[in-house]
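Comments concern the structure below.
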Amino acid sequence: MVSEHAPQPAAQVLVASNRGPVSYALREDGTLDAKRGGGGLVSGLSAVDDKMWVCAALGDGDREAVRRGVGEPGVRMLDIDADVHADAYNGIANSVLWFVHHLLYQTPVEPVFDAEFRRQWASFETYNRAFAEALAEEAGEGAAVLVQDYHLALVPGMLRELRPDLRIGHFSHTPWAPVDYFRLLPDDIAEQLLRGILGADRAAFLTRRWADAFIGCCAEILGGTGHTRIGVHGLGADADFLRGRAHEADVDERMAALREQVGPGRKTIVRVDRTELSKNIVRGLHAYRALLDERPEWRGRVVHIAFAYPSRQDLAVYREYTAEVQRVADSVNEAYGTADWTPVVLHVKDDFARSLAAYRLADVALVNPIRDGMNLVAKEVPVVSDHGCALVLSREAGAYEELGADAITVNPYDVSATAAALHEALTMADDERTARTKRLAAAATALPPQQWFLDQLEALGQG
Ligand code: F6P
């Protein structure tokens with residue numbers, strides 16, 4: 001809950017992010033279908049009256065909306081050249097920066113920084129400049145501008161030059177790489193990225209650990225963070241929204257369908273992710289297979305509900321990972337399935353109501369990323385759980401800082417330890433599970449999105 005005395009920002013507030021709060025699909029009959037997104041930023045910004053959201057047009061529908069002048073009040077979509085956007089988003093943001101911050105490179109052969117990389121980097125600069133120019137145009141005198149994420153790492157520096165009067169914040173929703181890994185990047189690019197963010201008055205992160213990694217990179221590469229203040233705001237789950245939404249009729253319907261699929265008397269291990277390399281879905285499936293292999297008593301008595309929603313399918317490595325998830329799930333079902341028991345129920349079609357249904361139903365939630373800025377699934381499950389849910393949580397998820405004490409924590413690379421953790425979670429006594437879930441829910445909702453957002457604005461106003 002946002003307190004009555006929460007500070008109300010007087011000046012105009014602008015948010016900038018690659019993905020905006022609304023997207024458009026072009027229907028066959030030529031009309032446009034608007035889809036509104038959720039998430040922490042959308043809820044957070046709702047706490048502010050005078051606001052503007054600057055984002056990129058991401059597909060044909062968005063571009064058509066811009067051309068037709070269709071849009072939401074307070075949202076400006078930038079129609080950046082599609083090739084420039086593809087280079088910046090797929091090429092640099094998701095294939096380089098995402099990989100650096102999540103430690104995803106197979107370093108004997110990757111990364112390779114060649115002429116193609118330099119070409120894409122030039123597009124990344126153009127794309128960041130388009131945001132900086134639009135923000136400079138839209139921002140009133142002394143406005144606060146909150147720039148989001150690695151896609152827009154150069155914007156604070158560029159905007160500072162155009163509009164020294166603005167208060168600029170940058171927020172990283174990802175982890176930050178440790179300095180030795182960050183230094184895989186070409187020296188000039190590493191410097192440019194750090195200086196870009198340091199163009200902000202304040203750079204903020206989801207956890208102390210990621211903030212310290214950023215400070216470490218600045219110290220070693222630039223000699224310090226200069227005048228930029230560094231902050232930490234651990235975004236929490238939106239309890240009011242989730243508890244309401246999780247009890248709507250469509251969620252109840254999906255619960256009934258899932259119960260049917262699981263079968264009577266069986267326990268459930270639930271995971272919900274974008275199919276994203278950092279989420280470690282394949283090792284999770286291997287751990288489940290090891291559980292069935294080493295502890296035959298679970299055969300026929302547990303079902304692993306895995307929701308793996310496709311993401312970034314323009315990139316071959318993501319498509320291959322998606323196929324690998326499917327292959328491994330199939331192989332577990334082939335090895336252990338029986339006429340009346342399917343060990344893994346894998347769904348790949350994004351369905352928020354069904355995710356909530358699985359959260360409510362889960363006996364165990366498996367959240368085992370290799371590395372994750374926060375991981376909101378770990379925070380959402382305990383909030384909506386019907387009968388208490390044991391959480392198996394990677395120590396490399398940002399959420400570990402707040403939830404580690406009441407979760408069963410694992411090294412995400414250790415498949416055997418993850419299998420043992422699943423067993424421990426499945427056999428946790430009912431009263432212990434309920435008590436832990438209560439404490440997890442309290443920790444998970446300590447900083448709801450609106451307060452998270454207002455805290456950042458307040459901190460930006462200081463100093
Ligand atoms: O910080 C990571 C992030 O930008 C999140 O805000 C979001 O969950 C995810 O990546 C979405 O990625 P994309 O916009 O590439 O689908």
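Values in this text are rule-based calculations from the coordinates and carry no lab data. This structure is a prediction, so every number in the text was calculated from the model and none was measured. Heads up, the Cβs are rebuilt from the backbone with ideal geometry, glycines too, and the neighbour counts pull from every protein chain shown.
Structural remarks
- Full-extension gain in nm, residue 75 to residue 414, via 0.36 nm per residue minus C-alpha separation: 117.6 nm
- Dipole magnitude (debye, nearest 20) for segment 239-444, charges at Cβ of Lys, Arg, Asp, Glu: 60 debye
- Residue order for 13, 348, 145, fewest other beta carbons within 10 angstrom first, comes to 348, 13, 145.
- Listed peptides 379-387, 215-223 by packing density, highest first (mean Cβ within 10 Å): 379-387, 215-223
- Annotation: lysines with alpha-carbon distance below 27 angstrom to residue 51 (same-chain offsets under eight excluded): 35.
- Global geometry of the chain, whether rounded, prolate or oblate, following the gyration tensor of its Cα atoms and the 1.5 cut on a/c: prolate
- Here the gap between residue 317 and residue 122, fully extended at 0.36 nm per residue and compared with their Cα-Cα distance, gives a gain of 67.9 nm.
- Each peptide in 158-165, 284-291, 27-34 gets a packing score, the mean of other Cβ atoms within 10 Å over its residues, and the list from highest to lowest is 284-291, 158-165, 27-34.
- Dipole magnitude for the chain: computed about the Cα centre from +1 point charges on Lys and Arg Cβ and -1 point charges on Asp and Glu Cβ, it is near 720 debye.
- Partners for residue 438 among lysines (Cα-Cα distance below 22 Å; same-chain residues under 8 apart left out): 267, 379
- Segment residue 114-residue 136, extension gain: residue separation times 0.36 nm, minus the distance between their alpha carbons: 4.6 nm
- Mean separation of Cα contacts under 8 Å, 6 or more apart, over the residue count of segment 64-156: relative contact order %: 34 percent
- Comparing 20, 128, 418 along the charge dipole axis of the chain, the residue lying farthest to the positive side is 418, per the Cβ-charge model.
- Centre separation in Å (Cα based) which lies between segment 397-439 and segment 168-210: 31 Å
- Peptide ranges 102-108, 397-403 listed from the most packed, as the mean C-beta count within 10 angstrom indicates: 397-403, 102-108
- Relative contact order %, the chain, counting alpha carbon pairs below 8 Å whose residues are six or more apart: 16 percent
- Relative to the longest principal axis of the Cα atoms of the chain, the long axis of helix 415-426 makes an angle of roughly 70 degrees.
- Where only DSSP H runs of four or more residues are counted, the chain gives -13500 deg cm²/dmol as its mean residue ellipticity at 222 nm, each run worth -39500 (n - 2.57).
- Lys/Arg +1, Asp/Glu -1 at C-beta; segment 291-406 dipole; positive extreme among 352, 387, 341: 352
- Taking every C-alpha pair closer than 8 Å and separated by at least 6 residues, the mean separation divided by the residue count of segment 239-444 gives a relative contact order of 24 percent.
- Cut-off 19 Å (backbone N to label point 7 Å along Cα→Cβ of residue 293), residues of segment 408-422: 411-422
- Rounded Å value of the spacing that divides the Cα centres of segment 247-277 and segment 63-123: 34 Å
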